[in-house]
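One structure is given below, encoded as structure tokens.
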Amino acid sequence: MAETTSSGTAVVTLPSDTQILITREFNAPRHLVYRAWTTPELVKRWWSARRGAVTVADIDLRVGGTWRWVMVTDDGMEVAFHGEYRELVPHERIVCTEVFEGFPDAGAVNTMTLTERDGRTTLSVLVQHETREHRDMHINSGMEAGMQDALDLLEEAVVALR
């Protein structure tokens, strides 16, 4: 019998003019969610959001280390993001920069927090943009549909690790 997953349940809110908050619960302990977020082979299983294939998932998981994830979409477009880790608390918190290489002037700082209760994990990602214009560009990019699908795949990957 398959474990229960909760498709499309991420909630996106706008706490301030420059912030996006993404929250979603997973049917798995937080150490597994953290592992799937920080292990290249696992990132390749979920980050594409069923829109192509992840070709690069480089992760140097240390403060000052960098990450770069690249996907080639089904129609051949390359989508790449990169950043630097600023804070790491294993299984609890990651603070890193995030730059969409297609628009490198609009970087953000992401704070990912994992909270576990009764074997379930709540993932919160606070995206801090420098300006309201950059935040709105991010929201209007169509990111929410892809993010929902990516987080559904993340949960599938995490449940498979149990």
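The values are calculated or read from the model by the stated rules, or taken from the named source; none is laboratory data. Remember, predicted model here, so these are calculated numbers, not experimental data. Every residue, glycine as well, gets a Cβ built from its backbone with ideal geometry; the counts of neighbours run over all protein chains shown.
Name the single residue, out of those in the stretch 7-34 being over 18 Å from Asn110 (Cβ atoms) and touching a helix residue (DSSP H, G or I) at 6+ places or on another chain (Cβ under 7 Å), that is surrounded by the fewest Cβ atoms within 10 Å (Cβ to Cβ).
Among those residues, the one meeting the criterion is Gly8.
Considering each residue of the stretch 116-150, count those that are under 16 Å from Ala10 (Cβ atoms) and either of a type outside the set (S, T, N, Q) or surrounded by 14 or more Cβ atoms within 10 Å (Cβ to Cβ) (or both), and give that number.
Total meeting the criteria: 19.
I'd like to know if the stretch 121-135 contains one or more residues that are free of Cβ contacts under 8 Å to residues at least 60 places away in the same chain and assigned to a helix (DSSP H, G or I).
Looking for residues that are free of Cβ contacts under 8 Å to residues at least 60 places away in the same chain and assigned to a helix (DSSP H, G or I), one finds at least one in the stretch 121-135, hence yes.
So Met71 fits all but one of (1) over 20 Å from Pro40 (Cβ atoms); (2) at pLDDT 95 or above; what number is the exception?
(1)
Would you check which residues across the stretch 48-63 are out of contact with any Asp or Glu (no Cβ under 7 Å at 6 or more places or on another chain) and modelled with pLDDT of 95 or more and list them?
From the stretch 48-63, those out of contact with any Asp or Glu (no Cβ under 7 Å at 6 or more places or on another chain) are 48, 53-62; that's our starting set.
Ala53, Val54, Thr55, Val56, Ala57, Asp58, Ile59, Asp60, Leu61, Arg62 - these are the residues of the stretch 48-63 that are out of contact with any Asp or Glu (no Cβ under 7 Å at 6 or more places or on another chain) and modelled with pLDDT of 95 or more.
Which of the following residues is assigned to a loop (DSSP other than H, G, I, E, B) and either hydrophobic (A, V, I, L, M, F, W, C) or on the phi > 0 side of the Ramachandran plot (or both): Leu21, Leu88, Leu61, Leu42? Break it down stepwise before answering.
Numbers: Leu21 fails: assigned to a loop (DSSP other than H, G, I, E, B); Leu88 fails: assigned to a loop (DSSP other than H, G, I, E, B); Leu42 fails: assigned to a loop (DSSP other than H, G, I, E, B).
The conditions single out Leu61.
Among the residues in the stretch 136-158, are any part of a strand (DSSP E or B) and out of contact with any Ser or Thr (no Cβ under 6 Å at 6 or more places or on another chain)?
no
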